[in-house]
Every structure is written in structure tokens, then in C-alpha cells.
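The values are calculated or read from the model by the stated rules, or taken from the named source; none is laboratory data. None of these values were measured; they are calculated from a predicted model. All Cβ positions, even for glycine, are placed from backbone atoms using ideal geometry, and neighbour counts span all protein chains on display.
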Amino acid sequence: MDFSLGERTEAFRAEVRAFLDEHLTVDVIERMHASGTFNDKDFNGALAEAGLLAGAVPGYGDRDPIELYVLFNELEKAGAPYDGLAVTMLVAGVIHAVGTDFHHTEVLERLLTGEFNCCLGYSEPDHGSDVAAITTKAVRDGDEWVIDGQKMWTTMAHEADWVILLTRTNPDVPKHKGLTMFLVPMGLPGIEVQPVPTMASERTNATFYSGVRVGDEWRLGEVDGGWAVMGVALAFERGVMGGTNPAVPLLNHVRNWAAEAPSPDGGTMLDDPLLQERLARTAMANQVSQLLTLRAAWIAATGGLPGLEGSMAKLYATERYQQAVGWFQQMAGAEGLLSFGVDGAAADGWIDYDGRHSPVVTIYGGTTEINRNNVAERHLGLPRAR
């Protein structure tokens, strides 16, 4: 069986790597971590100018999902500020899949310039994993909808131009059937954004909607058809759009640190058999994560929607990432708990950063528990747990 990606895809990978060599500077990375906002509009604009951004929209342009995977895989492995870009391109993919001509003209074409961003408005303070139980409501008033409610974990809301917002439009039907998705301009009256700091030093937000009026032209999909629209978004988010190779930069940072850090037994930490074993196990897990993600991308490239396969890729990669961080923090000792800029920090603070970041990636795009349920129910055929 041939696991190679083909000449065109490998040429595209080389193009992305050349772009990163030129544009992913130390200043860009430091600015990202200092601000807690993993988005850089200048960097995104450079991607667009290089012709790489149009290919980042699932189903749009002449790039297929395999090349989309390659783009975000390389961005993630390099430690680039890709989170905001991934969310924006995810929304662009949803617009391309279910949007109208109005959405294409008013939003999608602008997103491809790299100058605009989107955020996701799904979770609520009392409804995180059980998104179908949301209470943010949209009530029709003539040709408009009036939106009231609150969303939590709306990362990028403070910089976003639009939010893809899941609302309840029919409280009298089963919870999955009474939802409608909107694409709401963030500059409308009645929207408030409040910062929420996290242990990972990444900023997220709580957003409030009070009497926000949007025209029906901003609706995405059918009335009460929001659950299907969200399914499209989640299929893109889990796997193909990144987030399944977080342990690759971690492995590189630890290996470089271990080659110079002195061992209590003499020599360097890289001589420690236990560390060697854990580095090898992490490398193998990274390879499995890559293959699972490629499987999801292949399904998308052949016209399918990789819902289950995306859950598998996301679940495996994030659990192995969290496991690897724990291993390396143990090996680094107290120095593994020191942050960027602190003298003596193991791997210049990257081990500490990954230790705080790894729990986050097990939550977004569906928690570990939700993805386990997906695998249990849809792959193994086990009874529903909820």
C-alpha cells in the first residue's frame, strides 16, 4: 500500500515550509504568546498574498482536503499562530458548503484576504458539551431575528468580525431540532465581549447578546436546521483543520533540551534510557495521529464527511499529547514548571507551556468524553450513554 501523498501534495508542503522559513519569525511567535491571542493578521495576510489561504477553505478552490491537512499540519508543527486562522477557515468552509450568494460575497471573499476573522458561538455557561441544550434564543420579527443570550469560550471574539452563532428558534421540539445557525457581525449593537483568562495563558471570551437584530439574510442553513450546519463545522474542526499534531513541536523542544541538559548521573538527559523510551513512544504516537488525520482528510477528499474519523483523530492525538507532557514534566523536575523568560526553565519554558496548554486541546472541538461517546456509539455500536 502506498502511503505517499503524491508529487503535487509534497510540492505544496515544500511551498508551505518555504513560506514559514521566511515569515514565521521569532517576533511573530513571541507576540502570539505575549498577547495570548493565537492569531496574527499580518501573518495571515502574507499567507493570502502567497496564494495559500484560498486553498485553506474546505471544498473551495483547487486545493483538496489532503492539501488542507498539509497546510495546517505544517503550521501546527512549526508553532505558528494558526488557531484564529483555523477557526476562520472553518467558518469559511461552512459558508462554502451551506451559505448563500450573499454569504459568499459579504463574508467568504473577505475572509480569504487574511484581514478578517471569525469566532465560534456554540457553548454556554450551563451547556458546554451538551450544546444541543443551549438557551440563547432567536425570535423572528418580520424580516429580522432578535437574539438574546450568552456564549462561553468564544475565543477570538475580541478580534473577530463575525461569529457563527447557534441559537434556539423553536423551544417546542426535541432539542436537536429547534436550533438555527446565524452568521452575526460582531459590530452590531447589543453585543458585549468580556475577556476570560486561562491557565494556558491563552485568552478566550464570554460574549453577551442583548436584543441583537440581524436580518434573515444572515441565517446559515434552514430554520431549525442548525444542528446539521454544526455537524459540517465539527467534521472540519476535528482532524482536518489541525489540532491533531500538538506533540510534534513538544517532541522537538524536549529533544533539543535533553541534548544539552546535564543528567544527575552524568552525561546529558538524552542519555537517560527512560527519557529515550518516552521520546520514542511520543514519536510513534505522533505518527499514529498523523495517519488518523490523513484518513479523515482522505474521506473528505473523496466526498465524505469525516465525523467519526475526525473524532478518533482528535481523541487519540490530544490524549497522547497530554500523556507526553506529563512524562516530560516528570523528567524535567521543577525546571519543567518554569515559564517562558524564567532563568533555568526547561526547554526555554516550552514544557511548562505545553503542560498548561494540553488540557485545553482535550476540550475544544468536542471534549474527550464526547469524542469517546462518538466512537463507542458510532464505531462499536454500543448503547447511547446520554
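Points worth noting:
- Being in a helix (DSSP H, G or I) and under 18 Å from Glu76 (Cβ atoms) is true of Leu291.
- Boolean, Gly304 is under 30 Å from Gly6 (Cα atoms), of a type outside the set (S, T, N, Q) and not in a helix (DSSP H, G or I): yes
- At least 2 residues being in contact (Cβ under 8 Å) with a residue 40 or more places away in the chain and more than 25 Å from Asp354 (Cα to Cα) is the threshold, and among the helices (runs of 4 or more DSSP H) wholly inside segment 1-88 those reaching it are 7-23, 41-49, 65-78.
Every residue, every condition in (1) modelled with pLDDT of 85 or more; (2) touching a Phe, Trp or Tyr at 6+ places or on another chain (Cβ under 6 Å), yes or no:
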position	(1), (2)
Leu291	yes, no
Arg295	yes, no
Ile299	no, no
Thr318	yes, no
Gly326	yes, no
Val342	yes, no
Ala347	yes, yes
Asp354	yes, no
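- Scanning segment 96-109 for residues that are touching a residue at least 12 places away in the same chain (Cβ under 8 Å) and assigned to a helix (DSSP H, G or I), we see that the one that is surrounded by the fewest Cβ atoms within 10 Å (Cβ to Cβ) is Phe102.
- Total residues in segment 264-288, condition farther than 19 Å from Phe72 by Cβ, surrounded by 14 or more Cβ atoms within 10 Å (Cβ to Cβ) and among the small types (Gly, Ala, Ser): 1
- Residue satisfying condition, being farther than 19 Å from Leu294 by Cβ, in contact with a helix residue (DSSP H, G or I) (Cβ under 6 Å, 6 or more places away or on another chain) and either buried (at least 20 other Cβ atoms within 10 Å of the Cβ) or not aromatic (Phe, Trp, Tyr) (or both), within set Leu71, Leu20: Leu20
- Out of Tyr316, Tyr353, Tyr321, sole residue that is hydroxyl-bearing (Ser, Thr, Tyr), over 30 Å from Gly381 (Cα atoms) and in a helix (DSSP H, G or I): Tyr353
- Residues that are more than 13 Å from Leu68 (Cβ to Cβ) and surrounded by 23 or more Cβ atoms within 10 Å (Cβ to Cβ) within segment 289-309 comprise Ser289, Glu309, listed in sequence order.
- Listed here are the strands (runs of 3 or more DSSP E) enclosed by segment 118-158 that have at least 1 residues being among the aromatic types (Phe, Trp, Tyr) and in the same structural domain as Ser210 (by TED's automatic domain parsing): 144-152.
- Conditions (1) at pLDDT below 95; (2) of a type in the set (S, T, N, Q); (3) crowded, with 19+ Cβ neighbours inside 10 Å; number of the one not met by Thr169: (1)
- For segment 166-214, a residue qualifies if it is part of a loop (DSSP other than H, G, I, E, B), in contact (Cβ under 8 Å) with a residue 60 or more places away in the chain and not polar (S, T, N, Q), and the qualifying residues are Met186, Pro197, Met199, Ala200, Glu202, Arg203.
- Residue selected from segment 364-386 under the condition free of Cβ contacts under 8 Å to residues at least 60 places away in the same chain and surrounded by 15 or more Cβ atoms within 10 Å (Cβ to Cβ), by the criterion nearest to Glu30 (Cα to Cα): Thr368
- Of all residues in segment 342-360, none that is on the phi > 0 side of the Ramachandran plot and assigned by TED's automatic domain parsing to the domain that holds Ser201 has its Cβ atom under 6 Å from the Cβ atom of a residue that is aromatic (Phe, Trp, Tyr) and modelled with pLDDT of 95 or more, 6 or more apart or on another chain.
- Some residue of segment 219-236 being of a type outside the set (A, V, I, L, M) and closer than 23 Å to Gly55 by Cα: yes
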